[in-house]
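K.L.:
Would you mind keeping the following structure in view while I ask a few things?
The values are calculated or read from the model by the stated rules, or taken from the named source; none is laboratory data. This one's a predicted model, so the numbers in the text were calculated from it and none came from an experiment. Backbone-built Cβ (ideal geometry, glycine too); neighbour counts: all protein chains shown. Please note that ligands, DNA and RNA were not included when accessible areas were found on the heavy atoms of the full protein model with its side chains. Shrake-Rupley method; radii C 1.70, N 1.55, O 1.52, S 1.80 Å.
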2 protein chains.
Amino acid sequence: MNKPAGPLEPAAIPTGERPGSKKVYQPGALWPDIRVPFREVAVHPSANEPPVTMYDSSGPYTDPHAAIDIEKGLPKVREPWVVSRGDVEIVADPRQVKPEDNGFAQGEHLAPQFSAPRRVYRAKAGAAVTQLEYARRGIVTPEMEYVAIRENLRRQAPGIRDGESFGAEIPDLCTPEFVRDEVARGRAIIPANINHTELEPMAIGRNFLVKVNANIGNSAVLSTVADEVDKMVWAIRWGADTVMDLSTGRNIHNIRDWIVRNSPVPIGTVPIYQALEKVGGIAEDLTWEVFRDTLVEQAEQGVDYFTIHAGVRLPFIPLTANRVTGIVSRGGSIMAKWCLAHHRENFLYERFAEICEIMRAYDVSFSLGDGLRPGSIADANDEAQFAELRTLGELTKVAWKHGVQVMIEGPGHVPMHKIKANMEEQLKHCHEAPFYTLGPLTTDVAPGYDHITSAIGAAMIGWFGTAMLCYVTPKEHLGLPDRQDVKDGVIAYKIAAHAADLAKGHPTARAWDDALSRARFEFRWEDQFNLGLDPETARAYHDETLPKEAFKTAHFCSMCGPKFCSMKISQDIREAARAQNDLTNDQGMEEMAKKFREAGGEIQVPLTPAE
Amino acid sequence: MNKPAGPLEPAAIPTGERPGSKKVYQPGALWPDIRVPFREVAVHPSANEPPVTMYDSSGPYTDPHAAIDIEKGLPKVREPWVVSRGDVEIVADPRQVKPEDNGFAQGEHLAPQFSAPRRVYRAKAGAAVTQLEYARRGIVTPEMEYVAIRENLRRQAPGIRDGESFGAEIPDLCTPEFVRDEVARGRAIIPANINHTELEPMAIGRNFLVKVNANIGNSAVLSTVADEVDKMVWAIRWGADTVMDLSTGRNIHNIRDWIVRNSPVPIGTVPIYQALEKVGGIAEDLTWEVFRDTLVEQAEQGVDYFTIHAGVRLPFIPLTANRVTGIVSRGGSIMAKWCLAHHRENFLYERFAEICEIMRAYDVSFSLGDGLRPGSIADANDEAQFAELRTLGELTKVAWKHGVQVMIEGPGHVPMHKIKANMEEQLKHCHEAPFYTLGPLTTDVAPGYDHITSAIGAAMIGWFGTAMLCYVTPKEHLGLPDRQDVKDGVIAYKIAAHAADLAKGHPTARAWDDALSRARFEFRWEDQFNLGLDPETARAYHDETLPKEAFKTAHFCSMCGPKFCSMKISQDIREAARAQNDLTNDQGMEEMAKKFREAGGEIQVPLTPAE
């Protein structure tokens, strides 16, 4: 069933600017070398409005001036930042690829190695090279300034603050010092392995824009190297902020190399998956030594965050006995099986301090895995889930003591009325470390549509305070997502994340909606398409029924037709009011209202019919 | 641009049972003649579970024993119920079709008339033939018992009551007397025109299952008769509970006839659309007489509810002056234009009592239109919107005084943090009359995906108490929805409605999720597909990667492959626990947990590895 691993096909990688968009960069003030990318969408001159600046996680692939060569990987822009801090050393004897790293794949089944040379770094003995440690020491790193500029969307002034933030403390403008402070307090992380020098830094935290993660990765059953690199580039093109490579099966090491070297966004993994492959898929045969070796392997490759299921403690496993769907986390079920087979405590828990020491040497962030998350509505918010969450809170303190950045993974399947408790428990027990949730799915009854069942829950928990939303695709529970599924999942989650930003009152959020709504009201169809999350689809839907260019300025669409277009009639009304009042601005209706009130309820200004 | 109206093509109407489903009926106890339909989904014998009973709004089209002939229409099952009450008379001189009813369409552009003969009823002079009036008099009608059986899903015992209902008073079991009481109090309506005798009655109310409306209808630009009948049948096949025919342009009368005669679900319209067509599209030329004539025309046809924009009062129109998107309701903008052109109060408001008298004579329910609903995030919850809402509350009391059933329409575009206020204001000002909301869309930035932006808001407002959710399709703001859009819209809204039922703690809701989750955990793939909202899509997604029949019983899918399937590992763990404890039921893990607790935290039962 395996496809041969096959070479990469660079032609398949989607490049080029998005419709109506221009790639622009802003330099740093503290760090003039940094160039923070944005996507600028210009609107029609008739609107007399400045271009709209969009957050842009798509990397150099959308820069028409960038030379993309995935055999070489992206430029290592961060390498000077990392080296200049003086606290890292080149690893003289980096770990060599072993046959088991790729599941003993051979011949045509072995994916090609990524061959461009690079240096491998780690912290000098005793040095703590994490953004958390720098922040604690008061250092504003280039990564922090990069994040501040990025989150600020080139604003000079605060935006509209209409929202309910549930205690989030989002500033009017995002400064480098604010970023430093949030990282120092552990309320935000900047996942940025010193070996991922191709990275465009970003932050995950409750007081920043809500982020979206997209999962990719092959399985034992399907997919090739080229497909996975393409999926990564495709996912970020639509706005994914981080990508998790959840590959299992053969070629894990080589696929990951290709992905990390070509990724401008943080890459996360679940190291236990590869460790399990190394022991032939037998959970009981897992050992600390195999796992440790895998951590070093992946840390040297440049993985930015590791999901570690250290909260699946032996005593919690029986709490899942009466669940409808048992343990549904892959990593959680593997560790549960190991624990029971050996009748021993989870070695990830017992060795947690050692894991911290490894991760600190490369600045790999923790994503503390929720191995006991509920997999059905019936199992939501049960004791197994919350016992693990409290443990993750304890482990957060340990990681922080070791100077390692931490976020906390969350559910899962949760009905709407139980979502808020998840956020509250997380805040209470995990000391405001960023929350990173999968969905949650708000019902189990719609296989094939779990991007929607979960976008509902994701929007809500994002509003309540989740910092990053892990997408769910339409294929969830059914099969490995393909390219279209990746796009559908990312778009659904960009909607959820933005709806959350709006509801939180994030000061950059409203400007986007308002710009699009003005375009809509003024029948600037091209602007409406280009300002949307998916211009190509919006345009295609419009053009299905009214394809001619002339209809790109028509004051109606095929939904209502010309006579029944409310926006057209609304405009007619305003025109009439304006004409009547001989006003050249939009004050006509206000005048009317004022006179109406003055007259005690009778409008005194007769209007000419405006057909 | 108009397609010729064309004949109906019966072959296009989708019929037949849905996958894995059996159409079953339950008779009434008070009214033995009624046959309430359900869809029964049997699960694999290995599960040792009874079939799952599903609410079924699909009508006779999914009954393999029903003879479908859309030229004749559906059987008039309600006619004896209506006639036997003794309070209606056959209209001796029913209104005849006039050329303007079909927009003066002629020749090949004129849609064929629905020609099967039928009697037209109205109330005898002085009689009040509404379900509200019957309920007030203590009469449990066949419609009420039908609804009670339908809502109860053949349960004998209450289901799981885990939810937060925000004051909704959902009983453990739904009785005919409960239905009567809710209708009498105005907290629920049963839209059931005495001339829509093909109807399978249903209820809309906060203490019943959350319902979904699908809009269909041609526009001046597109679509034929056959397309619209097909869309109606298609929409109810996927679960739409009511259908609004929002046709504009030519052939409105004839298309509606075909739809009503073939619809088992309530049909709603916005009569002002047809009235406007009758005056050539010139809003200023609308008159009470033309509108009145249209009400009678549609009431005689059997339309079950009318959207009436009587709350768009003259003094409120200036309140929209500074909005980003003005007035976005088609009916609202038409009436606003009329009001301003004539400098007069809305004639729908002034003639409201007369409208009530007409509607009472046929039991047409009000859907009091929110003509000033916000069309963008910027305009949400503004004074124009709430001024109208308060007026709708006043009108509700007038309608009730006349014995007419009422529901209230709601927004629109609303960010998450402003949704709850909409429900609270509606409850406060509209005296618990059912709320019927469009979405709301929680952001404006995703044209092409507004079924998702709005499913988020719909799920939330449904949870808070909205009784019926008006769907939004992916084509919203862009064009007229086609068949696929109708399906996508209905599915997204069935998800929202069910997520709302679950969160409210509706006692029928959880059983469905739990049945599907058990099927998922036990790798009963066929059951998982068939129990889902869209079995065909779920199956197709699964089969894209693992098409062979053998994989329909495999303990994994292509997402994770066999070694990484958490559910498989979870089952292995339970098997091991069971074997170890020599237990034949699922108590092994519990035993373990108990012994663990007794031993003060150390599990005393060694387990055999279970690979």
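K.L.:
Could you check B:R122 against (1) at pLDDT below 95; (2) part of a strand (DSSP E or B) and say which number it fails?
P.N.:
If we test B:R122 against (1) at pLDDT below 95; (2) part of a strand (DSSP E or B), just (1) comes out false.
K.L.:
Pull up the stretch B:397-420, narrow it to residues that are of a type in the set (V, I, T) and either on the phi > 0 side of the Ramachandran plot or within 14 Å of chain A (Cβ to nearest Cβ) (or both), then point me to the one that is surrounded by the most Cβ atoms within 10 Å (Cβ to Cβ).
P.N.:
Ranking the qualifying residues of the stretch B:397-420, first place goes to B:V414.
K.L.:
Name the single residue, out of those in the stretch A:521-532 being buried (at least 20 other Cβ atoms within 10 Å of the Cβ) and under 28 Å from the mean Cα position of the chain (by Cα), that is nearest to the other protein chains (Cβ to nearest Cβ).
P.N.:
By that ranking, first place goes to A:G532.
K.L.:
Still on this structure: Within the stretch B:504-517, identify whether any single residue is within 23 Å of B:N207 (Cα to Cα) and of a type in the set (F, W, Y), and answer yes or no.
P.N.:
Yes, the conditions are met somewhere in the stretch B:504-517.
K.L.:
Here are some conditions: (1) open to solvent by less than 70 Å² (accessible area, probe 1.4 Å); (2) touching a residue at least 40 places away in the same chain (Cβ under 8 Å). A:E40 meets all but one. Which one does it not meet?
P.N.:
(2)
K.L.:
Right, another one. Restricting to the stretch B:421-453, and then to whatever is in a helix (DSSP H, G or I) and at the interface with another protein chain (Cβ under 10 Å from one of its Cβ atoms), can you tell me which residue is nearest to A:F166 (Cα to Cα)?
P.N.:
Result: B:T453.
K.L.:
Quick check on A:E394: is it in a strand (DSSP E or B), over 23 Å from A:V279 (Cα atoms), in the same structural domain as A:G186 (by the TED database) and open to solvent by 10 Å² or more (accessible area, probe 1.4 Å)?
P.N.:
no
K.L.:
Another question, then. Quickly run through the stretch B:120-134 and pick out the residues that are loosely packed, with under 15 Cβ neighbours inside 10 Å and either of a type outside the set (A, V, I, L, M, F, W, C) or touching a residue at least 60 places away in the same chain (Cβ under 8 Å) (or both).
P.N.:
Once the filter is applied, which keeps residues that are loosely packed, with under 15 Cβ neighbours inside 10 Å and either of a type outside the set (A, V, I, L, M, F, W, C) or touching a residue at least 60 places away in the same chain (Cβ under 8 Å) (or both), the stretch B:120-134 yields B:K124, B:G126.
K.L.:
Another question, if that's okay. B:R85 - would you say it is open to solvent by 40 Å² or more (accessible area, probe 1.4 Å), farther than 14 Å from B:D363 by Cα and at pLDDT 95 or above?
P.N.:
Judged against the criteria, B:R85 is not a match.
K.L.:
Also, I was wondering about something else. Every residue in the stretch B:554-570 that is assigned to a helix (DSSP H, G or I) and within 7 Å of another protein chain (Cβ to nearest Cβ), please.
P.N.:
The answer is B:S566, B:M567, B:I569, B:S570.
K.L.:
Where residues in the stretch B:231-249 are within 13 Å of another protein chain (Cβ to nearest Cβ) and over 17 Å from A:T545 (Cβ atoms), which of them is farthest from the chain's Cα centre (by Cα)?
P.N.:
Filtering first and then ranking leaves B:W238.
K.L.:
Only one of B:V210, B:V243, B:V260 is over 19 Å from B:Y471 (Cα atoms) and either open to solvent by less than 10 Å² (accessible area, probe 1.4 Å) or among the aliphatic types (A, V, I, L, M) (or both). Can you tell me which?
P.N.:
Unique residue meeting the criteria: B:V260.
K.L.:
Could you tell me which residue of the stretch B:178-230 is modelled with the lowest pLDDT, considering only residues that are outside any loop (DSSP other than H, G, I, E, B) and within 14 Å of chain A (Cβ to nearest Cβ)?
P.N.:
The extreme case among them is B:D227.
K.L.:
Got a sec? Which of B:P117, B:P64, B:P112, B:P99 is surrounded by 15 or more Cβ atoms within 10 Å (Cβ to Cβ) and not hydroxyl-bearing (S, T, Y)?
P.N.:
When all the criteria are applied, what remains is B:P112.
K.L.:
While we're on this one: If you go through the stretch B:497-541 one residue at a time, how many are touching a residue at least 60 places away in the same chain (Cβ under 8 Å), of a type in the set (D, E, K, R) and farther than 18 Å from B:N152 by Cα?
P.N.:
Total meeting the criteria: 8.
K.L.:
Moving to a separate point now. For the stretch B:476-527, which positions are in a helix (DSSP H, G or I) and aromatic (F, W, Y)?
P.N.:
Passing the criteria: B:Y493, B:W512, B:F521, B:W525.
K.L.:
Those residues that are in contact with a helix residue (DSSP H, G or I) (Cβ under 8 Å, 6 or more places away or on another chain), charged (D, E, K, R) and under 23 Å from A:H196 (Cβ atoms), I need them from the stretch A:294-321; list them, please.
P.N.:
Residue satisfying the conditions is A:E297 alone.
K.L.:
Give the residues of the stretch A:43-61 that are touching a helix residue (DSSP H, G or I) at 6+ places or on another chain (Cβ under 9 Å), more than 19 Å from A:R510 (Cβ to Cβ) and surrounded by fewer than 20 Cβ atoms within 10 Å (Cβ to Cβ), sorted by residue number.
P.N.:
Listed by number, the list holds a single entry, A:H44.
K.L.:
Any residue in the stretch A:286-308 that's of a type in the set (D, E): show its pairings with residues that are open to solvent by 10 Å² or more (accessible area, probe 1.4 Å) at Cβ separation under 6 Å, as long as the two are six or more apart or on different chains.
P.N.:
Qualifying pairs under 6 Å: A:E297/A:R95; A:E300/A:P94; A:E300/A:R95; A:E300/A:V120.
K.L.:
Still on this structure, please answer the following. Which condition does A:A361 not pass, out of (1) among the hydrophobic types (A, V, I, L, M, F, W, C); (2) closer than 30 Å to B:F523 by Cβ; (3) open to solvent by 10 Å² or more (accessible area, probe 1.4 Å); (4) in contact (Cβ under 8 Å) with a residue 60 or more places away in the chain, if it passes all the others?
P.N.:
(2)
K.L.:
Taking into account only those residues within the stretch A:297-355 that are small (G, A, S) and facing another protein chain (nearest Cβ under 8 Å), which is nearest to the chain's Cα centre (by Cα)?
P.N.:
If we take residues in the stretch A:297-355 being small (G, A, S) and facing another protein chain (nearest Cβ under 8 Å), then A:S329 is nearest to the chain's Cα centre (by Cα).
K.L.:
Looking at the stretch A:490-509, which of the residues that are open to solvent by less than 10 Å² (accessible area, probe 1.4 Å) and over 21 Å from B:P440 (Cα atoms) is nearest to the other protein chains (Cβ to nearest Cβ)?
P.N.:
That would be A:V490.
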